Amino acid sequence: QVQLVESGGGSVQPGGSLRLSCAASGRISSPFNWAWHRQVPGKQRDVVASITSGGTTYYIDSVKGRFTISRDNAKTTVYLQMDSLKPEDTAMYYCRASGALNPVTYWGQGTQVTVSS
């Protein structure tokens, strides 16, 4: 079993920055494709950014140029650097790890990001 533990959420003013982290632990038997999703109450959980096991990144249009997804050298921790935050970025943020070689998916517990003046 693999556990994902997220950290780094909080409250920030518009224009501020936050860095989210998601660390995997447990029986990691294959590389992961990683993604960050976000969800606001009453809406579906949508992907924000992703990085494949090979390092290819993807961002939704609304965060391009403001958010950066990355991972550590051991490829067991993924980060989301969020700059120039806007009120519409307010949401619960979840990390997801999907097996690149086997059909498994793990989710973090979520971390709240609130952007407000």
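The values are calculated or read from the model by the stated rules, or taken from the named source; none is laboratory data. Since we're looking at a predicted model, the values are computed, not measured. When we count neighbours, we look across all protein chains shown, and the Cβ atoms used for this are built from the backbone with ideal geometry, even at glycine. To get the accessible areas, we keep the full protein, side chains included, count just its heavy atoms, and leave off ligands, DNA and RNA. Shrake-Rupley method; radii C 1.70, N 1.55, O 1.52, S 1.80 Å.
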Ignoring ligands, DNA and RNA, please state the percent of accessible area on the stretch 27-117 from carbon and sulfur, probe 1.4 Å.
48 percent
Tell me, how many Å apart are the Cα centres for the stretch 83-109 and for the stretch 1-68?
4 Å
Using +1 at the C-beta of Lys and Arg and -1 at the C-beta of Asp and Glu, which of Thr76, Gly9, Ser30 has the Cα lying farthest in the positive direction of the dipole of the chain?
Ser30
With +1 on the Cβ of every Lys and Arg and -1 on the Cβ of every Asp and Glu, and nothing else charged, how large is the dipole of the stretch 4-99 about its Cα centre, in debye rounded to the nearest 20?
180 debye
Dipole of the chain (Lys/Arg Cβ +1, Asp/Glu Cβ -1, origin at the Cα centre): which of Val48, Ser116, Ala91 lies farthest to the positive side?
Val48
Charge tally in the Cβ shell below 13 Å around Ile51, where Lys, Arg are +1 and Asp, Glu are -1, Ile51 excluded:
+2
With springs only between Cα atoms under 10 Å, which of Ala91, Ala74, Ala49 fluctuates most in a Gaussian network model of the chain?
Ala74
